[in-house]
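None of the figures in this text is laboratory data; all of them are computed from the coordinates on show. What you are looking at is a predicted structure, and each value in this text was computed from that prediction instead of being measured. Cβ coordinates were reconstructed from backbone atoms using ideal geometry, including for glycine residues, and neighbour counts include every protein chain displayed.
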Amino acid sequence: MRVVTNDGTFCGYGKGEDGQLMAMTDEEYHSACPGMTSAATKGIWSSPKSSPYPAPKGLVVLYQIGRGPFCPSVSPFPLKLETFLRFNKIPYMNIHSSRFSKKGKTPWIEYNGQAIADSQFCIDFLSRELGIDMNSHLTPVDKSISRAFQKMSEENTYWSMCYEMFAVPDKTRIAEVMPQYKGFKLWAFTTVFSRVIKKELYYQGIGRHSDEEIWTIGRADLQAISTFLGDKKFFMGDRPSQIDCAMFGMLAQVLWHMPRTRHEKFTHDRLQNIDGYCERMKELCWPDWDKLCLKHPSYQDDNYKTYHTE
Amino acid sequence: MGSFLETFRNLETSQTILYVFGGAAVTAVSLVAIRKLTLKEEKRKDYPRDTVILHQIGRGPYAPSMTPFAVKLETYLRMARIPYQNVHGMRPSPKGKVPWIEYNGQPIGDSTLCIQFLNQKLEVDLNKHLSPADKGVAQAMQVMTEEHLYWFLALIRWIYSRDASFILETFKFTKFFVWMIRRHIKKRTWLQGLGRHTEEEIVEMMNKDIQSLSDFIGRKRFLMGDEPSEADCSVFGMLSQTYWQFNGSGYENLIKDKYPNLASYCERMKDAFWPDWDQCITHGGTREATK
């Protein structure tokens, strides 16, 4: 696989047999361009100052932690960011890696050699760069309401969900959403990650409450979301807006990646409009959903695969 | 001192060990006894029945408290006309935070849970005039204020403040203690997530939150319309810090200059629920608050 771009410059990836742009293996890459590093293959030990992935100009490189068993991500934030990219048909490529941003978190992006951390900052950055405004049809009051609901879901509901999945005694739920981990690896991941989440929950504040109190907080949020959504097609009305990316990212976890939790049961039993809403978002932005879920028979690995480049 | 050391050095090893352990045991027992006695003294206070005992950290220089949650909780008690009594001190709730309440001997921590408890116990509903969708929106506004805007205020006040003299004078902490609090807040905000951003990013996000509140309130009298509701307590609590007590941050006049409708909102809430405001502040530490 040789390097190809229209103007003949070296960009670090070439065309595979099916014509899809595919990254070269490390050996091919290093022999073709000695001195440049294949940043994406270095994993978590790479310094944030290492070279960006040599993507062509205008292609967003989306770093995330890999696909989930029943939904394209086990975390709401990569799903939100990728939904935004898909809705706006922004050319992008996935790199599934444990390489974190300079803020120590994931997902994050590189764009024209520049690294941007935090899913919301990525959305704001790309909106500015590419002249996108998903909220142009909203009034200032609607924009405020939209922001309030987004912050509520990401800074409050999210923590109650983390607690329900990772800080309760029943650790079998973690195994169900991380099928790639088994045996010792699963035990190690569960132990370490639970501890990290419990610490974050405590310092954030919600972790000081009792189990019942945390659930009450989460339930009140879900009820507020469902009540406000009502029978609207999208969160703010008939047209989708930016908050739909965030809300879908969060609610998809409740529906598909929180097995046997109170959140899942409450949503299925009492908040039926959330089911319909998520299905609509899925059809709109994720027609290839099944191919991106690890547990689905038609799953395909889309590491280094590009989207919207035709 | 010299002869004491001489005597010590002349002891046999077994005697030394005995003295060391004995000394440690006596110290430990004394500390436990002192702590028990102190706590016992506090518990002996007989609080009146059916009165909310509001534990908070003392009056602020220009607003009734330096913490937004105490202003929120006390504004709620006033809005709901619930009899209450203030107890100012540094004693935290069983969850390690302030403010908190005691009601007929039962302690409840966390301002939101206190409000929920009192709503149920005393059949209070400050949101009964709101539609279900409006209740949802009020909930979202409250949570955005408490779980997002709050962190920016904490970061700006404690970490990014250009001039720490306001904090030092208000709390009368030593510089070392302020340094410890800063470390604690850096750790908390790092783990929460928002502390990982740069100062510019924090200020931009803070402005967006305040802009949202300003756009949403618009020309309304209160958050959700002509009548105040429960979320007003929370929003007012948070804005009271930004409007009246942001000294030394570099953003003292942010609300007054950039968001005049929020300034009017704060004054309106103050007039409606704090007619005795002047008696509930220390006027920059120049006098005792009488209430």
If you average the sequence gap of Cα pairs under 8 Å that are 6 or more apart and divide by the length of region A:228-310, what percent do you get for the contact order? 19 percent
The Cα extents of region A:61-117 along the principal axes, largest first and rounded to whole Å, are 32, 26, 15
Using a simple spin-label model with points 7 Å from Cα along the Cα→Cβ vector, what separation in nm is obtained for residue A:216 and residue B:181? 3.0 nm
If you project the alpha carbons of region A:168-310 onto the principal axes, what extent comes out on each, in Å, largest first? 42, 38, 27
Given labels modelled 7 Å from the Cα in the Cβ direction, how far is it in nm from residue A:141 to residue B:226? 1.5 nm
Over region A:151-310, what is the mean sequence separation of C-alpha contacts under 8 Å (at least six apart), divided by residue count, expressed as relative contact order in percent? 22 percent
Return the FRET efficiency for the residue pair residue B:13, residue B:33: r is the Cβ-Cβ distance, R0 is 41 Å, and the value is rounded to the nearest 0.05. 0.85
Put a dot 7 Å past each Cα toward the Cβ at residue A:238 and residue A:260; how far apart are the dots in nm? 4.5 nm
Rounded, prolate or oblate: pick one for region B:112-186, where a ≥ b ≥ c are the square roots of the eigenvalues of its C-alpha gyration tensor, a/c under 1.5 means rounded, and failing that, prolate if a/b is larger than b/c, else oblate. prolate
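If r is the Cβ-Cβ distance from residue B:131 to residue B:258 and R0 is 30 Å, what FRET efficiency results, to the nearest 0.05?
The value I calculate is 0.45.
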q = 0.12 Å⁻¹, chain B: log10 I(q)/I(0) [Debye, one scatterer per Cα]: -0.83
Please state the relative contact order of chain B as a whole percent: Cα pairs under 8 Å, 6+ residues apart? 23 percent
At q = 0.12 Å⁻¹, the log10 of I(q)/I(0) for the protein assembly as shown from a Debye sum over equal Cα scatterers comes to -1.27
Computed D for region A:263-310, Stokes-Einstein, Kirkwood radius over alpha-carbon pairs, 25 °C, 0.890 mPa s, to the nearest µm² per second, is 190 µm²/s
Out of all DSSP beta bridges with both ends in chain B, state the antiparallel percent to the nearest 5. 65 percent
When the convex hull of the C-alpha atoms of region A:106-221 is computed, what volume per residue in Å³ does it have? 155 Å³
So, R0 is 45 Å and r is the distance between the beta-carbons of residue A:301 and residue A:102; what FRET efficiency does that work out to, to 0.05? 0.95
Does anyone have the angle between helix B:260-273 and the longest principal axis of chain B? Alpha-carbon axes, 0 to 90°, nearest 10? 70 degrees
Expressed as a whole number of Å, what is the distance separating the alpha-carbon centroids of region A:248-271 and region A:74-148? 23 Å
When you look at the Cβ of every residue in A:192-204, what mean number of other chain Cβ atoms sits within 10 Å? 2
Using only C-alpha atoms and all pairs of different ones, pull out the Kirkwood radius for region A:107-162 in Å with one decimal. 13.0 Å
Which entries of A:171/A:282; A:80/B:95; A:105/A:199; A:103/B:187; B:128/B:258 show an alpha-carbon separation above 22 angstrom in the structure shown? A:171/A:282; A:80/B:95; B:128/B:258
Inverting the mean 1/r over all pairs of different Cα atoms, compute the Kirkwood radius of region B:157-291 and quote it in Å. 16.7 Å
Cα gyration tensor, region B:220-291 - rounded (a/c under 1.5), prolate or oblate: oblate
Against the rule of thumb 2.2 N^0.38 Å, how large the Cα Rg of region B:165-242 comes out: 1.44
